[in-house]
Amino acid sequence: MKFSPILAAAFALAAAPAVAQMQLSIATGGTGGVYYPMGGGLAEVINNNVEGYSAAAEVTGASVANMGLIATGDADLALGLADTVAQAQTGTGRFEGQQLEMIRGLASMYANMVQIVTLEGSGIESLSDMVGRRISVGAPGSGTEVNAATILEANGISYDDIDEQRLNFNETADALANGDIDAGFWSVGAPTSSILNLATTQSIQMIELSADEMAAALDANPIFAMTTLAGGLYTGVDESVAVLGVPNVLTVSSEMDEELAYQITRAMFENIADLQAVHPAANQTTVEFTLAATPVPLHPGAIRYYEEIGATVPDRLRP
């Protein structure tokens, strides 16, 4: 059967493969934290609003590991705690001698809260009670471990003084429930699923830092900020608890195409309700928070978006 040239061209067009989309990897953290659902929500925003690109959230070891993934090109976007991101970009702290100068910010997403959890009856009421006890300080290469070590050391407690366990969020919750550890650190948005689940089966207790312990930690890490964990977020924790907070930063490499960085930033803020529907932590994702809390230079594509909508970008955030 012969077709007219017009019909033949139409059939050829229909049979042609779709243009392949470029794949983007978003480095997040463990499934028990906030990074993974936030990364998944961001991936959906990109898939639905950035033409020619497809994104997926990847489970990782979180902040420290994520900066390495950006540096090696194994991730295109990554979430990280502000202090870890700053250390990576300046070659300080955990990144002494291995400066990852290419780290750039797109936005600051929300503030983590350093939540220190034990079970009722553990005998741990303060940091000093942790001496000689089994304490989860977070997964290896995570921002939680960086925060935990800073808080402990600022208050005269080293890993030599405790039986430190390097567990991720879900592992920490399981170990508490099973009696394998005595307390654990979470540096994550609140509420977080692993603590929520733990509180449904166990009577949990939040360890609140004293004013002196807070002051020591703030002196050790100026990126920390005092904030409040609202009462009622977790079963059994009815009163508000003073905690330390750390911003979370969405990072990319300086090598990312400027137009792509612009399109991702614009898509995220223009569709922020979609991200908020995934996790309430995204209620903090604003341009104002980004310009106040981001500790490293912004990518030129992100700056282009912020200036386009009339925001004033501070000089400290310009590459």
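In plain terms, the chain is cut at each of the GluC sites (Glu not before Pro) found in a DSSP loop with at most 12 other Cβ atoms within 10 Å, and the longest leftover piece is 126-238. Each label was represented as a point 7 Å from its Cα along the Cα-to-Cβ direction; for T235 and Q21 these points are 3.8 nm apart.
Residue by residue, the stretch 265-280 carries 3J(HN,Hα) couplings of 4, 5, 4, 5, 6, 6, 10, 4, 4, 5, 6, 5, 5, 7, 8, x Hz when phi is fed to the Karplus relation 6.51 cos²θ - 1.76 cosθ + 1.60 (θ = phi - 60°); x denotes Gly or Pro.
With r defined as the distance between the Cβ atoms of D257 and A292 and R0 fixed at 35 Å, what FRET efficiency is calculated, to the nearest 0.05? Walk me through the intermediate numbers first.
Numbers: r = 27 Å, r/R0 = 0.77.
Efficiency computed from Cβ-Cβ geometry: 0.85.
Dividing the radius of gyration of the alpha carbons in the chain by their Kirkwood radius gives 1.06 for Rg/Rh.
Each 5 Å bin from zero holds the following percent of Cα-Cα pairs in the stretch 113-246: 2, 11, 23, 26, 23, 12, 2, 0.
Note on A225/T201: beta-carbon distance plugged into 1/(1 + (r/R0)^6) with R0 of 45 Å gives a FRET efficiency of 0.90. Residue separation of T312 and T31 scaled by 0.36 nm, minus their Cα-Cα distance, works out to 97.6 nm of gained length. Top mean-square fluctuation among S128, S108, S194, Gaussian network model of the chain, C-alpha springs under 10 Å? Comparing S128, S108, S194 in a Gaussian network model of the chain, the most mobile one is S128. Considering only S253, S25, S126, the Gaussian network model of the chain with Cα springs below 10 Å gives its largest mean-square fluctuation to S126.
Largest GNM mean-square fluctuation among A82, A292, A199, using the chain with Cα springs under 10 Å: A292. With q set to 0.17 Å⁻¹, the log10 of I(q)/I(0) for the stretch 212-265, from the Debye formula over equal scatterers at the Cα positions, is -0.72.
Values quoted throughout were computed directly from the atomic coordinates according to the rules given, and no laboratory measurement underlies them. Please read these numbers as outputs of a predicted model, since none were measured by experiment. Glycine also receives a Cβ, built like all others from the backbone with ideal geometry; neighbour counts cover every protein chain displayed.
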